[in-house]
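Q: If you scroll down you'll find the structure; I have some questions about it.
The values are calculated or read from the model by the stated rules, or taken from the named source; none is laboratory data. Just so it is clear, the model here is predicted, and its values are computed rather than measured. Cβ atoms come from the backbone with ideal geometry, glycine included; neighbour counts cover every protein chain shown.
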Amino acid sequence: MATLAPTPPRRAADPRAVAARAAAARDRRSLIARSRWTPYLLPVALLSGWQLASITGALPATILPAPLAVIDAAVMLLRNGTLVTNLWVSTLRALTGLIVSGGLALLLGFVTALAPELRRLLDPTLQALRTIPPPALVPLVILWFGIDEVAKILLVGWGVFFPIYLNTYHGVSSVDRGLIEMGQVYGMERWTLFRRIILPGALPSILIGLRFALGTIWLMLIVAETIAANSGIGYMANQAREFSQTDVIVLAILLYAALGKLADTSTRLIERRFLRWHPTYGKS
């Protein structure tokens, strides 16, 4: 009977070689993570694939125009001033809604978190209003204010208010009570206690609310400008739909995306500026 040859023992991997390969892999991952160009890799790949599909005919222009066609539309609208005017109008509406409604939400968030009697009076009603879908308000707002600027700013402000209010309330309520009591023991006045302990402790949550609000603001602006407007990016897209100008519609969508990204980046810069002491934000 034939006997099987013994299997030669495996050679143990050289620990130094294994460590060197692991270090090289870590270096590659670290290089990708730290590279300034990493965030642009996916957008460039998507745009390149989009352009290639348009050139080869896999993506008909009637469905989605090529990126170069969208750029041509942007250049044309820049030359006749339409793009700049509508972009300025939309930005102004967004900023007005953010300042007015965001300021009110910040104030009420602090008030309801710091004053139990006012919290019992205001918070249940605000929580009930929060559940109303913003598009459901559109017919009533148009009936009350027509297509005037007040109607659009009111719709934008509705979308801004609740993310900032809820996160402000949560941030103030989550401040360590031990720190507050310690400040009182050391004789801090109310304003000093608020400025040195309560506000810094609540600021991370407030800025998260601001990021959510800036994401919602453009959604509400689209609703307002496509239903009740005679100017703005949404109005421009709605007019392009009437004339089957797909390139202008895509341009409007890309503008909303760019404005949203710009707003989010601005919030991250604010976080880095005012939360340098925080172990999470200080390293971002």
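Q: Out of the residues in region 183-197 that are part of a helix (DSSP H, G or I) and hydrophobic (A, V, I, L, M, F, W, C), which is farthest from Gly209 (Cα to Cα)?
A: Going through the qualifying residues, I end up with Val185.
Q: Output yes when any residue across region 34-46 is of a type in the set (D, E, K, R) and either modelled with pLDDT of 85 or more or in a helix (DSSP H, G or I) (or both), and no when none is.
A: Yes - at least one qualifying residue is present in region 34-46.
Q: Does Ile180 qualify as being surrounded by 15 or more Cβ atoms within 10 Å (Cβ to Cβ), over 20 Å from the mean Cα position of the chain (by Cα), in a helix (DSSP H, G or I) and not acidic (Asp, Glu)?
A: Here the answer is yes, as Ile180 does meet what is asked.
Q: On to the next question. Go through region 257-267 and give me each residue that's of a type outside the set (Ser, Thr, Tyr) and within 10 Å of the chain's Cα centre (by Cα).
A: Once the filter is applied, which keeps residues that are of a type outside the set (Ser, Thr, Tyr) and within 10 Å of the chain's Cα centre (by Cα), region 257-267 yields Ala257, Leu259, Gly260, Lys261, Leu262, Ala263, Asp264.
Q: From the list Ala258, Ala229, Ala213, which one is outside any helix (DSSP H, G or I) and either buried (at least 18 other Cβ atoms within 10 Å of the Cβ) or among the hydrophobic types (A, V, I, L, M, F, W, C) (or both)?
A: Working: Ala258 fails: outside any helix (DSSP H, G or I); Ala213 fails: outside any helix (DSSP H, G or I).
Among Ala258, Ala229, Ala213, only Ala229 is outside any helix (DSSP H, G or I) and either buried (at least 18 other Cβ atoms within 10 Å of the Cβ) or among the hydrophobic types (A, V, I, L, M, F, W, C) (or both).
Q: Somewhere in region 71-83, is a residue at pLDDT 85 or above, among the polar types (S, T, N, Q) and closer than 21 Å to Arg241 by Cβ?
A: Checked region 71-83: at least one residue is at pLDDT 85 or above, among the polar types (S, T, N, Q) and closer than 21 Å to Arg241 by Cβ.
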